[in-house]
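This report refers to the structure that appears directly beneath it.
The values are calculated or read from the model by the stated rules, or taken from the named source; none is laboratory data. Here the structure is a predicted model, which is why all the values come from computation and not from measurement. Here the Cβ is made from the backbone with ideal geometry for all residues, glycine too, and neighbour counts use every protein chain on show. Accessible surface areas use protein heavy atoms only, side chains included; no ligands, DNA or RNA. Shrake-Rupley method; radii C 1.70, N 1.55, O 1.52, S 1.80 Å.
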Amino acid sequence: MQLTAAVQQGYKATTRPLTDWLIRAGVTPNVITSVAALVVMLSAVAFAIGWIRTGGGLLLLSGLLDTLDGDVARAAGKTTRFGAFYDSTLDRLGDGVSFIGIATFLLTTPGIRFPLVGAIVCMVAVLVSLLVSYARARAEGLGLDCKVGLVQRAERILLIGIPSLFVGAGPDGLVLQAIVGLLALGSTITVVQRFLYVRRITDNGAN
């Protein structure tokens, strides 16, 4: 479920005024990256203490900020190798803490149905989401472009953030657990897709 090029272009056009304002204000890409990481950690805390709608809103805000750092870097001519490394590293932090916050909520909130199962699914989701990112990074380290797959980071943020913001955890936490389960499954499929993709192009001599 990769975001289409048309949706991406429309999103970029919508956020361009904000990007321009940040550049005029002298805000650096690394500052935006740091703020995005702080917001996603606050989102995880909100999930953990049961403020599910707040957690979803903060997660979506962190996703917005995460796109702005790259846009500002490119538009202002401030792209650096360290900036790319810093952004990628903090993205992985965000992937992990979101699911940890949700798992904490499931395990500590009375009335949750299947809390242990939900927490285990969160662990699986953390593992496979990191594998999705690692597969791409490792392929790129070999000189291969590997952006294929069903669920990437943008999809993970949207699929957790939007339902959480508007629906919350759902009856007995089942909506939130279903979302995490779908993401774990989608991310697992994405890992397999990337594995098969790299296998195919390397077998064809593109290595």
* Report yes if some residue within region 148-169 is of a type in the set (Asp, Glu), closer than 30 Å to Ile201 by Cα and open to solvent by 60 Å² or more (accessible area, probe 1.4 Å); otherwise report no. => no
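Would region 3-17 turn up any residue that is under 30 Å from Gly173 (Cβ atoms) and open to solvent by 50 Å² or more (accessible area, probe 1.4 Å)? Walk me through it before giving the result.
Taking region 3-17 and keeping what is under 30 Å from Gly173 (Cβ atoms), we get 3.
Okay, now just the ones that are also open to solvent by 50 Å² or more (accessible area, probe 1.4 Å), so 3.
Looking for residues that are under 30 Å from Gly173 (Cβ atoms) and open to solvent by 50 Å² or more (accessible area, probe 1.4 Å), one finds at least one in region 3-17, hence yes.
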* Kindly check whether there is at least one residue in region 109-122 that is open to solvent by less than 20 Å² (accessible area, probe 1.4 Å), part of a helix (DSSP H, G or I), within 17 Å of Gln193 (Cα to Cα) and not hydrophobic (A, V, I, L, M, F, W, C). => no
* To do: State whether one or more residues within region 189-205 are on the phi > 0 side of the Ramachandran plot and open to solvent by 30 Å² or more (accessible area, probe 1.4 Å).
  => yes
* List the pairs whose first member sits in region 118-139 and is under 12 Å from Ile102 (Cβ atoms) and without any contact (Cβ under 8 Å) to a residue 40 or more places away in the chain, whose second member is of a type outside the set (Gly, Ala, Ser) and open to solvent by 30 Å² or more (accessible area, probe 1.4 Å), and whose Cβ atoms are under 8 Å apart, counting only residues at least 6 apart or on separate chains? -> Ala119/Leu107; Val126/Ile100
* Inspect region 108-123 for any residue being of a type in the set (Ser, Thr, Tyr) and either closer than 21 Å to Trp51 by Cβ or at pLDDT 95 or above (or both) and give the result as yes or no. => yes
* To do: For Ser43, work out the one condition from (1) over 26 Å from Leu93 (Cβ atoms); (2) surrounded by 14 or more Cβ atoms within 10 Å (Cβ to Cβ); (3) among the hydroxyl-bearing types (Ser, Thr, Tyr) it doesn't fulfil.
  => (1)
* Return a yes/no flag: does region 78-88 have any residue that is open to solvent by 40 Å² or more (accessible area, probe 1.4 Å), closer than 17 Å to Ser187 by Cα and at pLDDT below 90. => no
